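To keep things clear, I will list the structure first and then write my remarks on it.
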Amino acid sequence: MRDGATMIASYFASGLAVDVILAIVVLEFGALAWRGRHGGRSALADAFFALAPGACLLLALRAALHGESWTGIALWLTAALPAHLGDLWRRHRR
């Protein structure tokens, strides 16, 4: 049992868990873009702005897990804000 716990701990500590989640986000973006393909650029932009803030936060977490400097982490956290505000703006316009 201890080996399983060690394996899961290393899975999260290495950032592999974040990589898997990011891959799922990319697949979700593809599915949303495909589903909204008749909606044109608007559907693609909606999918992007819906997923970008979370992806930025995941990249900040990955940077922290990989021991990057605070500036690398702050870069992704800062990028999440305009992405989030863009998402809010697009949702409010409807």
I'd like the full set of residues that are touching a Phe, Trp or Tyr at 6+ places or on another chain (Cβ under 6 Å) and modelled with pLDDT of 90 or more, limited to the range 81-94. 86, 87
Take residues that are touching a residue at least 40 places away in the same chain (Cβ under 8 Å), touching a helix residue (DSSP H, G or I) at 6+ places or on another chain (Cβ under 6 Å) and of a type in the set (A, V, I, L, M) and tell me which of the helices (runs of 4 or more DSSP H) falling wholly in the range 8-94 contain 2 or more. 16-35, 41-65
Filter the range 11-40 for residues that are among the aromatic types (Phe, Trp, Tyr) and modelled with pLDDT under 90 and give the result. 11, 12, 34
Some residue of the range 55-64 being crowded, with 16+ Cβ neighbours inside 10 Å and touching a Gly at 6+ places or on another chain (Cβ under 7 Å): yes
Going through the range 9-43 one residue at a time, which ones are of a type outside the set (Gly, Ala, Ser) and crowded, with 16+ Cβ neighbours inside 10 Å? 18, 22, 29, 32
When you scan the range 73-80, do you find a residue that is surrounded by 16 or more Cβ atoms within 10 Å (Cβ to Cβ), over 22 Å from residue 11 (Cβ atoms) and modelled with pLDDT under 95, even just one? no
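The values are calculated or read from the model by the stated rules, or taken from the named source; none is laboratory data. Computed from a prediction, not measured in an experiment: that's the story for all the values here. Positions of Cβ are backbone-derived with ideal geometry, glycine not excepted, and every protein chain shown enters the neighbour counts.
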